[in-house]
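The values are calculated or read from the model by the stated rules, or taken from the named source; none is laboratory data. As the structure is a computational prediction, the values presented were derived from the model and not from experiment. Glycine gets a Cβ as well: all are built from the backbone with ideal geometry, and neighbour counts include every protein chain shown. Remember, those area values only see protein heavy atoms, side chains included, never the ligands or the DNA or RNA. Shrake-Rupley method; radii C 1.70, N 1.55, O 1.52, S 1.80 Å.
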Amino acid sequence: MDILTLELLDVTAYQALLALREHLQANPLQGFRVMGQDELVRGNVMRFLDKQGRRYEPSTQGRTWILAVESLTSTRGSLVRRPPVLLTRAAFTPGDRALGRQLLLGVIRNLDRGVTWICLAHEALELMEDPMALEAIEALREDGMAVFVSEASAAWHGGGVPFPLMKDEVWQEAMGRGELTVL
């Protein structure tokens, strides 16, 4: 199987980031390569990938730089891969909502770092308005876990979201195969 390659030749840094964002939205879990020659573009692409929690291996071939971006379905290091997580609520309910939020944030903080990715959907988008929740989710991303937001949920919620969008078919298929943990 051929590796997808995103060639960023003769583009501005802004155009490169737009192309990369579109590529990640269309193929959120696949590994791929990014190629280019402009060092400013390379630096911006690397920072963007870092923010998205995507790991990559840089290399060069002459004047061309290449970033081999790791698939989110592959095994990294010694971590045992765990099923991805779909987060659909902002608190455990029924019951006291404040306690339910506190308990849910505890689960988020303690997610196994072997979890491939987490996707926020439905009521979980309320967590983006909570600084403590955002801090917990950012910590996951800093530890290498990819964080996504459901495309349909983001459209329904309105406004911008701080994480890349995931097409709903991706998590729906994983859920249908029993390969997803739902909270």
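Of all residue pairs spaced 6 or more apart or on separate chains, those with beta-carbon atoms under 6 Å, a first member in the stretch 89-104 that is charged (D, E, K, R) and a second member that is surrounded by fewer than 17 Cβ atoms within 10 Å (Cβ to Cβ) are ARG89/GLU123. The residue that is modelled with the lowest pLDDT, counting only those in the stretch 52-69 that are surrounded by fewer than 17 Cβ atoms within 10 Å (Cβ to Cβ) and part of a loop (DSSP other than H, G, I, E, B), is GLY62. Here LEU9 clears all of (1) more than 14 Å from TYR56 (Cβ to Cβ); (2) of a type outside the set (Val, Ile, Thr); (3) in contact (Cβ under 8 Å) with a residue 24 or more places away in the chain; (4) surrounded by 13 or more Cβ atoms within 10 Å (Cβ to Cβ) except the condition numbered (4). ARG113 satisfies every condition listed in (1) within 20 Å of ARG54 (Cβ to Cβ); (2) out of contact with any Gly (no Cβ under 6 Å at 6 or more places or on another chain); (3) open to solvent by less than 10 Å² (accessible area, probe 1.4 Å) except (3). Scan the stretch 153-183 residue by residue and report those that are open to solvent by 30 Å² or more (accessible area, probe 1.4 Å) and either touching a residue at least 24 places away in the same chain (Cβ under 8 Å) or within 11 Å of the chain's Cα centre (by Cα) (or both). Passing the criteria: HIS157, VAL161, PRO162, LEU165, LYS167, VAL170, TRP171, MET175, GLU179, THR181, VAL182, LEU183. Restricting the stretch 118-132 to residues that are out of contact with any helix residue (DSSP H, G or I) (no Cβ under 7 Å at 6 or more places or on another chain) and in a helix (DSSP H, G or I) leaves a set whose member that is surrounded by the most Cβ atoms within 10 Å (Cβ to Cβ) is ALA124.
Of all residues being assigned to a helix (DSSP H, G or I), under 13 Å from the mean Cα position of the chain (by Cα) and not polar (S, T, N, Q) in the stretch 23-50, which is surrounded by the fewest Cβ atoms within 10 Å (Cβ to Cβ)? Just the residue, please.
Ranking the qualifying residues of the stretch 23-50, first place goes to ALA26.
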